[in-house]
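The values are calculated or read from the model by the stated rules, or taken from the named source; none is laboratory data. Because the structure is predicted, anything quoted here is derived from the model rather than measured. Neighbour counts are summed over all protein chains in view; Cβ atoms, including those assigned to glycine, are modelled from backbone coordinates with ideal geometry.
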Amino acid sequence: MAAALDPPAQDVPGPPPPITARSARWLWPILLLAALSALGFAIVLVHDVARGRALKFDSTLLLALRQPGHLDVPIGPPWLQQSAIDLSALGGFTLLWLLGGAATGFMLYVNRRAEAAWLTASIAGASLLNTALKLYLHRPRPDLVPHLARVSNASFPSGHAMISAAIYLTIGAMLAETQARASARAYLMGFAAFLAIAIGCSRVYLGVHWPSDVLAGWCFGSLWALIVFVANRMMRRKFSRPG
């Protein structure tokens, strides 16, 4: 009698199925092509900058972003300059290291040591590589237009673009791996890429980087994030095998 009064059983959705190597196998050719393209383009930019070649699109784009006859005034409404400053701050050294350190500490707290190592390698490696390239090439900052933000070190490659691409794409990939739906993974990676692109564009808009600085930063940062991602995948697969 009691059983007859019980409410009918309802289907409760369970956790999403895990992502397997087979389900993600189609992604590897795309990643390889993207990596080779980014590496090739970055090498071309480094070669040109090292030889002191002037890249025509650099000056053309910087001038196009300023009012004719008033190079200290950027195009667009007044709020756009403040938005560029805010976006640029998202790629600042202090914020990125605070964010990366907080994420790494949380991963250690929940006993996800592999992910903590993955994130640490992404932050430290991108920062060291960026510093080495700046010291080696020592490209001057743009003097074509007045700077709308304070800068002090060399120009190539853009540290904001490079390190933000490495860190935000790494965090996006870590979050995406927890999702079974392709649409959710695409959303997370897309938003991470959007942040990196917006930060890089803000540096050109503020006149503190040549566009080629930012392009190289995106290439190196994305490539480094991809290398760390693949290395982490290979190590996890190796240590998860029985025996």
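At-a-glance table
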quantity	calculated
Single residue of segment 76-124 satisfying the filter (surrounded by 13 or more Cβ atoms within 10 Å (Cβ to Cβ) and among the β-branched types (Val, Ile, Thr)) that is farthest from residue 174 (Cα to Cα)	85
Scan of segment 220-236 for residues that are aromatic (Phe, Trp, Tyr) and within 13 Å of residue 127 (Cα to Cα), ordered by number	220, 224
Members of segment 63-99 found to be in contact with a strand residue (DSSP E or B) (Cβ under 9 Å, 6 or more places away or on another chain) and of a type in the set (A, V, I, L, M, F, W, C), listed by number	63, 65, 73, 75, 80, 84
Of all residues in segment 105-154 being in a helix (DSSP H, G or I) and charged (D, E, K, R), the one that is modelled with the lowest pLDDT	115
Qualifying position, being hydrophobic (A, V, I, L, M, F, W, C), buried (at least 22 other Cβ atoms within 10 Å of the Cβ), within 17 Å of the chain's Cα centre (by Cα) and under 24 Å from residue 63 (Cβ atoms), among 166, 198, 216, 225	216
Selected residue (criterion: farthest from the chain's Cα centre (by Cα)) from residues of segment 57-75 that are among the polar types (S, T, N, Q) and loosely packed, with under 12 Cβ neighbours inside 10 Å	67
For residue 183: the one exception among (1) touching a Lys or Arg at 6+ places or on another chain (Cβ under 9 Å); (2) in a helix (DSSP H, G or I); (3) surrounded by fewer than 22 Cβ atoms within 10 Å (Cβ to Cβ)	(1)
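This table checks each residue for (1) of a type in the set (Gly, Ala, Ser); (2) in contact (Cβ under 8 Å) with a residue 40 or more places away in the chain.
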| position | (1), (2) |
| --- | --- |
| 123 | no, yes |
| 126 | yes, yes |
| 145 | no, yes |
| 157 | no, yes |
| 165 | yes, yes |
| 188 | no, no |
| 203 | no, yes |
| 206 | no, yes |
